[in-house]
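See below for the structure under consideration.
The values are calculated or read from the model by the stated rules, or taken from the named source; none is laboratory data. The structure presented is a predicted model; accordingly, all values stated were derived computationally and were not measured. So basically every Cβ, Gly included, is an ideal-geometry build from the backbone, and we count neighbours across all protein chains shown. Please note that ligands, DNA and RNA were not included when accessible areas were found on the heavy atoms of the full protein model with its side chains. Shrake-Rupley method; radii C 1.70, N 1.55, O 1.52, S 1.80 Å.
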Amino acid sequence: MNKTLLAEFTAREGAQDEVSRLLLEYAKKVREEEGNIAFDVYTKAAAPRAFWIFEVYRDEDAFQAHLKAPYGGPFNAALVPLIEEDASVLTFLDPVA
């Protein structure tokens with residue numbers, strides 16, 4: 001079964017462009033992962049500093065491999081000082097059957 005989640009965070013005032021740049025670089029790497037199905041980056045239309053990332057992985061193993069990727073730690077270390085939250089807020093999703 002696919003592993004699907006929504007990651008959310010808000011860029012600090014003045015950091016939106018840097019957050020966008022970091023995310024677009026990171027997205028290229030994640031999309032190349034064997035088990036990645038989707039990694040789509042959005043901002044909220046009414047609040048452009050609010051970022052939403054929709055992620056889908058083939059299964060739990062693919063998600064765990066994503067978490068262990070060598071570029072994830074440096075990305076998060078660069079992101080955290082640029083966002084209002086302590087880290088991305090993750091919401092795991094299940095399909096409606």
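Annotations
- Computed over the chain, the range of Cα coordinates on each principal axis works out to 39, 32, 21 Å, biggest value leading.
- Rounded to the nearest 20 debye, the dipole magnitude of region 10-51 is 160 debye, with +1 charges on Lys and Arg beta carbons, -1 on Asp and Glu beta carbons, and the Cα centre as origin.
- Pair N2, V89: separation of 7 Å Cα→Cβ label points (nm): 2.4 nm
- Carbon + sulfur, % of accessible area of the chain - ligands and nucleic acids excluded, 1.4 Å: 56 percent
- Among S20, V89, A62 - extreme Cα towards positive end, dipole of the chain, charges at beta-carbon: S20
- Förster-model FRET efficiency, 35 Å R0, D59 and R21, C-beta, rounded to 0.05: 0.70
- A Förster distance of 30 Å, applied to the separation of the beta-carbon atoms of A45 and K68, puts the FRET efficiency at 0.30.
- Contact order normalised by residue count of the chain, Cα under 8 Å, 6+ apart, percent: 45 percent
- GNM result for the chain, Cα springs below 10 Å: residue of A46, A78, A38 fluctuating most strongly: A46
- Value of [θ]222 nm, deg cm²/dmol, for the chain, DSSP H segments ≥ 4, -39500 (n - 2.57) each, nearest 500: -10000 deg cm²/dmol
- Assigned charges on the beta-carbon of Lys, Arg, Asp, Glu; region 52-97 dipole about Cα centre (debye): 200 debye
- Sites matching GluC sites (Glu not before Pro) across the chain that sit in DSSP coil, with at most 12 neighbouring C-beta atoms within 10 Å: E13, E32, E34, E84, E85
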